[in-house]
Every structure is written in C-alpha cells, then in structure tokens.
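The values are calculated or read from the model by the stated rules, or taken from the named source; none is laboratory data. This is a predicted model, so every value here is computed, not measured. Cβ placement follows ideal geometry from the backbone for every residue including glycine, while neighbour counts extend to all protein chains displayed.
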Amino acid sequence: MAKPIVAVVGRPNVGKSTLFNRLVGERIAIVEDTPGVTRDRIIADAEWLNHHFTLIDTGGIEPHAKDDILLQMRIQAEIAIDMADLIILMVDGREGITGTDLEVANMIRKHDKDVLLAVNKVDSKTLENNIFEFYNLGLGEPLAISAEQGLGLGDFLDEVIDHIKRHYNDEEEEDDRLRVAVIGKPNVGKSTLINKVLGEDRLIVSNIPGTTRDAVDTNVRYDGEDYVLIDTAGLRRKKKIYEDIERYSIVRAIAAVERSQVVLILIDGSEGITEQDAKIAGIAHNRAKPSIIVVNKWDAVEKDNKTMKKMEDDIRDMLSFMTYAPIIFISAQTGQRLGKIFQTIEYVKAQSAKRITTGKLNEAMAEFVLMKQPPSKHGRRLRLYYSSQVAINPPTFVVFVNDATLVHFSYQRYLENKIRETFDFFGTPIHFFIRERT
Ligand code: GDP
Ligand code: GDP
C-alpha cells in the first residue's frame, strides 16, 4: 500500500527535528550525509494507530541556505507543496508569530494543499493561551504541542491521521493501476521518457480530479493497461535550481519508490554506470521493490557487437546487490524500445506476485539440500525442516531450521538463487526469514 507523505515545514529551531525524532519508528531512512552535518534524519517511516506515513523534515534538505532564513523557508515550502499529501507548518509558541511564519503561511495557502498548524513548545497549560494569535496565519485551528515534553502529540497525530484518511487513502485504495516510479540521477532522461510515452500514447487518461498528485503523476495506458508513472524529476518549472540539491533528488526518489509497485532505474548509457546510480538503485533495493534497470540514450552510444555486453557487465559489477533486476536498453528520445519497458514491467510484476505452493517448495528445498550440503559448526549440521511462502510483493519465504546460527549468508544466498532459478523469480527481490523450530 502506498504511504502518504507528510512534510514538516518551519523556521530553524522551532523544533522540527525534535518532533521528527519523537515520531519516527525504528526503520529510519537516513539520507547519506556529509560527515559533520548532524542533521541527517530527513525522511522516515512513522506510524500512529496502525496508520503508516512517510515523514519528511524539509528543513534538513537544504541546510546550506540556513543563513538566509526566508530563502530556506521558501525552498522548504516549495518542496512540501510539491511532494506532500499533508503539510505541517510548525511555529514556536513561545516566540509568537514572526514575519517569516506569515510569509510561509501565505505561500502554502495559495496552493490547494492540506495543512495542519502545529504550535510547538507549549510545555505547560499556562502557555496554551499563546496559541490563539496563530489563528492569524489563516491556516485553521492551531494545535498546541510540546515536542520535547511529548504533550499534545496524541491529539495532534489523531488530526494527522484524520487528514490523511480524508484526502488520501480512499483514492488510492480504489486505484488498481500499477504505480511505476521513474528514478535516476539528474539528466538521465526521466522527463524525456515520460513525455515520449505521453506523446506516443493516444489514449492518455486525464489526471484524476481531486488527487493531490496531479503535478507529479502521469497516467498512461499502454497496450490496454493503465499505469501511473511517478515522476521524480519534480519541481519541473524550477528544475535547474533544485537538481543541484542532491538530497532533494534522493528524498524525492525515496518518496516515489515508497509509493510505487515497480521501479524503473534510469541510467545514462552515453556515460556509463556511476556510484551515484548505485546509490539511487539502492533506494529501490532497500525497499524491496521489483526493479528494472533502464539504460537510456542508447542512440547516442557508438556500438559494436560487444558494447551491450560490456555495459551489462559494468552494471552487474556496480549493482551487484540487485542481480535480479532485468536490464533493458532504450532511447527515450527516439522512442526506441519503449514497448519493451512495459513488457518488462508486466513481467516483473507477475514475478513478484507469484505464489509457490508449500508442497512444491518443500520438495524443491529437499533437493537443494541434497545438491549442496548445509554448513555445520562444532559437529552440528544445519537442518531445514520446513519452508513456506508467506507473502508476495516481494515474495517472502520462511524457513524453519534446527539452529539459525548455522545459516551462513552464503548458504542463504545459495537457497535464494536456487529458488529463483527453479521457480523463475526474476526481476524481484526475495525476502527470507529464518526461524528456529521450537
Ligand atoms: P529545528 O531546527 O526546527 O529542527 O529545531 P530543533 O528540533 O533542533 O529544536 C530547536 C530547539 O528547540 C532545541 O534546543 C530543542 O531542544 C528545543 N525544543 C524543541 N521542542 C521543544 C519544546 O516542545 N519545548 C521547548 N521548550 N523546547 C523545545
Ligand atoms: P531528467 O533530468 O532525468 O528528467 O533528464 P531529461 O529528460 O531532462 O534529459 C536530460 C538531457 O538528456 C536532455 O538534454 C535530453 O534531450 C537528453 N536525453 C534524454 N533522453 C535521451 C536519449 O534517449 N538520447 C539522447 N541522445 N539524449 C537524451
């Protein structure tokens, strides 16, 4: 299920990171950071009463603009307006309204965005009277919280979930179109690809009214199937300014991948695969999304009969963690092999949704064990009792064993590869859980 995105906007020192640290669960997605920068929690999973959402601290995305607070705020607000389903504007209840708060509130109000106003640092009952002046921001009822003391957070989160439910879940739940994220570093050709697909498509489905995603989601029908392409290029009109902010690209890619079911990882074929590509591919891998490596600009590459093989080898080398992802070669500009993209999407989707019966799986596992003896330690040998596929998307297997400490990484890898080969699970990550039978 796609998770809604909640973005926190607010001046430096109002308490955004304090709130963030209180709300996030353990699975924190730390955006790679330069050493010495303390604020590295920018995007994370949060949960309240079984509702999951992705929380973004927009203040952490562009720390360099800190000396120019108004500019920093403008960037934060634009990013939030661009990406979020719900914006939380955070202000400081001890300081009262500042000119910057007014300015940001005005910016947000111009857009048709769902917004909540959090007045932080209301550490005691006596301070609650301070919140009334914040009605002047024109963003509705100010909600008093103390991120540090943990006060008012329950009511506040109830509001967050209320908003998310009202404006988000219903729409997405009814939606059975496949959501495909298009990620890749700046200039690999994401926008060109999406525009080309749109241009080729004579049956463009218009944007769904009422969704907050109109600006970023592209609806296309290809070969009778409907897809939503989630564009990570973002802030299209201001592309040049924002693509320099690497963290923004990454946060955006994470948000798109979170909402997607299949990921296209674009690579610039004219340049070859780079470390930055690997970092971006890692986002899809870490979230266990079926992925396709799309080598773009193939038209611009001088080729002989070894070029494609060489490129494939380079990619497998650099992206050794995702051997399962098919590689395809296209040109977004000429439209060469666009059809292949959609065929491959259908393929990986089917792979990731496949179920193997317990009988067949255990038969096969018994055979794998015969072909390669499980490891042993101190005279004790690993035994596999029973396996079962417990989930799809991604395919998830539980293996019951006599002693989990005997399961070496390499043996698990062996089993995983065997399962892949035998049952034809390509294009999708596979999850394994090893359990000791009691
Ligand atoms: P950010 O720059 O918006 O992320 O703000 P921080 O989370 O770094 O907080 C800035 C300062 O405000 C820190 O010294 C926090 O300890 C303090 N602070 C955060 N929340 C509260 C609160 O609820 N009450 C009080 N009194 N101080 C707070
Ligand atoms: P984005 O930043 O990933 O959205 O990349 P763009 O779609 O803006 O493309 C960046 C540049 O690469 C533009 O100048 C495009 O014309 C060029 N480009 C995109 N796709 C192709 C392609 O398939 N072949 C060639 N030769 N150039 C391309």
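A search for C-beta distances below 9 Å between a residue of region 136-149 that is assigned to a strand (DSSP E or B) and any residue that is aromatic (F, W, Y), counting only pairs 6+ apart in sequence or on different chains, returns P142/F132; P142/F134; P142/Y135; L143/F156; A144/F156.
One residue stands out in region 192-207 among those that are at pLDDT 85 or above and surrounded by fewer than 20 Cβ atoms within 10 Å (Cβ to Cβ): the one that is nearest to ligand 1 (Cβ to nearest atom), namely I194. Suppose the filter is of a type in the set (D, E, K, R), surrounded by fewer than 19 Cβ atoms within 10 Å (Cβ to Cβ), within 15 Å of ligand 2 (Cβ to nearest atom) and modelled with pLDDT under 90; does K303 pass it? So K303 fails the test.
In summary, V14 fulfils each of the numbered conditions (1) more than 16 Å from ligand 1 (Cβ to nearest atom); (2) of a type in the set (V, I, T); (3) part of a loop (DSSP other than H, G, I, E, B); (4) modelled with pLDDT of 85 or more with the single exception of condition (1).
Residues in region 387-438 that are of a type in the set (D, E), more than 22 Å from I293 (Cβ to Cβ) and loosely packed, with under 15 Cβ neighbours inside 10 Å: E436 only.
Which residues, taken from region 296-316, are more than 14 Å from L266 (Cα to Cα) and in contact (Cβ under 8 Å) with a residue 24 or more places away in the chain?
Residues satisfying the conditions are D299, A300, V301, D314.
For V104, the requirement of being part of a helix (DSSP H, G or I), under 23 Å from N13 (Cβ atoms) and assigned by the TED database to the domain that holds K16 is met. Remark: K121 matches the filter, which requires a residue to be crowded, with 16+ Cβ neighbours inside 10 Å and more than 27 Å from K165 (Cβ to Cβ).
Does I81 qualify as being in contact with a helix residue (DSSP H, G or I) (Cβ under 6 Å, 6 or more places away or on another chain) and at pLDDT below 90? Criteria not met by I81. Screening Y414 against (1) part of a helix (DSSP H, G or I); (2) under 28 Å from the mean Cα position of the chain (by Cα); (3) not acidic (D, E) leaves a single unmet condition, (2). When region 312-357 is filtered for residues that are closer than 24 Å to N286 by Cα and among the charged types (D, E, K, R), the ones remaining, listed by number, are E312, D313, D314, R316, D317, E346, K349, K354, R355. Identification of helices (runs of 4 or more DSSP H) wholly contained in region 208-297 with 2 or more residues that are modelled with pLDDT under 85 and within 26 Å of I61 (Cβ to Cβ) yields 239-243, 246-259.
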